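Written below as structure tokens is the structure these notes are about.
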Amino acid sequence: GWQTMTARILTSAPHGADQTLNRSLAVQVFLAFALAYFLSALVRAITATLSPVLAAEFALSAGDLGLLAGGYFFGFALTQLPLGKWLDHHGPRKVILSFLSVAVVGCIAFALAPNFIGLLAARVLCGVGVSACLMAPLTAYRRWFKPDLQLRANSWMLMTGSLGMVASTLPVQWLLPQLGWRLLFGGLAVLICVAILVLAWRLPAWSQQAPAAQSVIAQDGGYRTIWQHPYFRRHLWAGFFNYGGLLAVQTLWAGPWLVQVSGNTPAQAATGLFWINVCMLCTFWLWGMLNPSLARKGWHADWLIARGAPLSLMVLAIICIAGPATSWWAWALFCMSCSFMSLAQPAVGMAFPPALAGRALSAYNLVIFSGVFVVQWGIGLLIDLFKSNGLGTVDAFRAAFGVFFICALASYLRFVLDNKTVSPAQHANAVAPATA
């Protein structure tokens with residue numbers, strides 16, 4: 001069973017003070033990873049700002065836009081399971097450098113795309129290429145950073161991602177008339193090349209796990225242990241719909257809602273997206289400041305999620321009812337209240353020993369980004385479906401997001417019920433590595 005395998009890995013895997021980086025090197029490693037993740041978030045979110053231009057140039061429907069944005073997450077999700085194995089075996093340095101090379105190709109292909117199929121294929125390549133930009137650092141932090149700093153580092157990586165999303169709004173809107181969207185993607189390819197050089201320069205080598213740990217993991221590739229773990233299963237559906245829904249809204253649907261439902265111009269919508277992402281940047285900075293002290297007080301991730309996630313459901317219900325009266329700050333409140341779900345990712349990673357960290361984090365990331373793809377494309381398909389059945393644009397958006405609300409509510413209730421079936425002792429065992 002997973003308990004026996006985890007215990008055997010814990011007793012054989014080489015993790016300890018000898019692998020903890022000194023403060024100076026830890027800061028340099030964090031900044032190098034942060035640069036890559038900043039660019040990956042910029043690539044991820046830029047379609048929200050470009051959606052009016054792309055829709056006009058290529059005559060895209062709501063379903064097309066959802067598929068185009070979701071294509072990134074489809075490519076992202078495709079790599080997660082092999083990515084986890086490669087991270088544990090080859091280490092973050094080799095993996096992220098290889099993957100970012102694919103991202104360069106994806107950005108160039110997007111800049112040169114002649115039609116929607118070309119755009120979609122390039123977005124899938126971009127998703128594949130940047131899919132290691134968060135998993136590689138989280139895997140490294142699991143071994144190189146002290147436990148109380150891992151939650152902070154995770155939150156500040158997400159803050160860096162929010163900074164990338166901020167850069168994808170007003171700065172992109174300002175540059176668009178001067179450069180055009182094709183040259184913008186060419187510039188992104190150049191910046192990713194710079195990130196590759198910085199990472200190659202600063203990341204330490206990755207030492208192999210002990211032979212005993214490798215032989216235990218090899219019995220099933222490590223993933224059966226993860227999928228069967230009760231702590232992983234507890235976060236499954238909430239990660240898929242609630243966390244995935246946050247990213248689906250932040251990286252695409254907040255923009256079209258502001259234009260087509262609230263009546264904003266594209267420039268006003270870009271301004272709204274800018275402030276939404278500024279709010280998220282501040283939120284993740286605050287989580288990074290508070291997480292170590294919250295952990296010391298025993299306010300674990302599950303406890304915080306159970307009490308914080310309902311806020312996002314309340315805000316989403318109000319948005320669906322308000323419709324055209326919704327402004328950017330309502331979507332900012334939704335995204336900020338959804339940020340409680342971000343606590344699950346490092347908690348899942350720390351529920352497993354370092355020998356399985358890459359697989360555990362990548363498996364959970366697969367859940368999240370599969371959810372983003374389904375929610376992002378699903379909302380677009382529902383909007384088109386409701387329109388074809390006689391609803392106006394505003395009511396079609398409201399109905400589509402109402403369906404999303406029902407799914408998010410059901411997944412939250414499942415999370416709460418799963419929490420109640422696990423005793424405090426079992427929960428302590430599940431997250432024991434976080435305080436080891």
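Residues checked against (1) touching a residue at least 24 places away in the same chain (Cβ under 8 Å); (2) within 17 Å of the chain's Cα centre (by Cα); (3) under 20 Å from Pro346 (Cβ atoms):
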| position | (1), (2), (3) |
| --- | --- |
| His235 | yes, yes, yes |
| Asn242 | yes, yes, yes |
| Leu247 | yes, yes, yes |
| Ala254 | yes, yes, no |
| Leu258 | yes, no, no |
| Gly272 | yes, no, no |
| Asn277 | yes, yes, no |
| Thr283 | yes, yes, yes |
**Request:** Inspect all residues belonging to the range 171-190 and state whether any of them is among the charged types (D, E, K, R) and within 19 Å of Ala34 (Cβ to Cβ).
**Result:** no
Filtering the range 378-408 down to residues that are of a type in the set (Gly, Ala, Ser), farther than 23 Å from Ala309 by Cβ and touching a Gly at 6+ places or on another chain (Cβ under 8 Å) yields Gly380
Filtering the range 285-306 down to residues that are among the basic types (Lys, Arg) and in contact (Cβ under 8 Å) with a residue 12 or more places away in the chain yields Arg296
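One line per residue, one yes/no per condition, for (1) assigned to a helix (DSSP H, G or I); (2) within 26 Å of Phe76 (Cβ to Cβ); (3) open to solvent by 10 Å² or more (accessible area, probe 1.4 Å):
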| residue | (1), (2), (3) |
| --- | --- |
| Gly298 | no, no, yes |
| Leu311 | yes, no, yes |
| Ile321 | yes, no, yes |
| Phe334 | yes, yes, no |
| Phe340 | yes, yes, yes |
| Ala355 | yes, yes, no |
| Asn365 | yes, yes, no |
| Gly378 | yes, yes, yes |
| Ile383 | yes, yes, no |
task = Determine whether the range 74-95 contains at least one residue that is surrounded by fewer than 24 Cβ atoms within 10 Å (Cβ to Cβ) and within 13 Å of Ile192 (Cβ to Cβ).
result = no
Picked from the range 387-416 (must be touching a Lys or Arg at 6+ places or on another chain (Cβ under 8 Å) and not aliphatic (A, V, I, L, M)), the residue nearest to Ile368 (Cα to Cα) is Phe415
Residue hits (the range 212-233; of a type outside the set (S, T, N, Q), assigned to a loop (DSSP other than H, G, I, E, B) and either at pLDDT below 50 or more than 23 Å from the chain's Cα centre (by Cα) (or both)) are Asp220, Gly221
The range 104-211: helices (runs of 4 or more DSSP H) wholly inside it with 1 or more residues that are in contact with a Pro (Cβ under 7 Å, 6 or more places away or on another chain), open to solvent by 10 Å² or more (accessible area, probe 1.4 Å) and more than 26 Å from Thr47 (Cα to Cα) are 135-144, 147-167
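The values are calculated or read from the model by the stated rules, or taken from the named source; none is laboratory data. Here the structure is a predicted model, which is why all the values come from computation and not from measurement. Using ideal geometry, Cβ is built from the backbone for each residue, glycine included, and neighbour counts are taken over all protein chains shown. Calculation scope for accessible area: heavy atoms of the full protein, side chains included, ligands and nucleic acids excluded. Shrake-Rupley method; radii C 1.70, N 1.55, O 1.52, S 1.80 Å.
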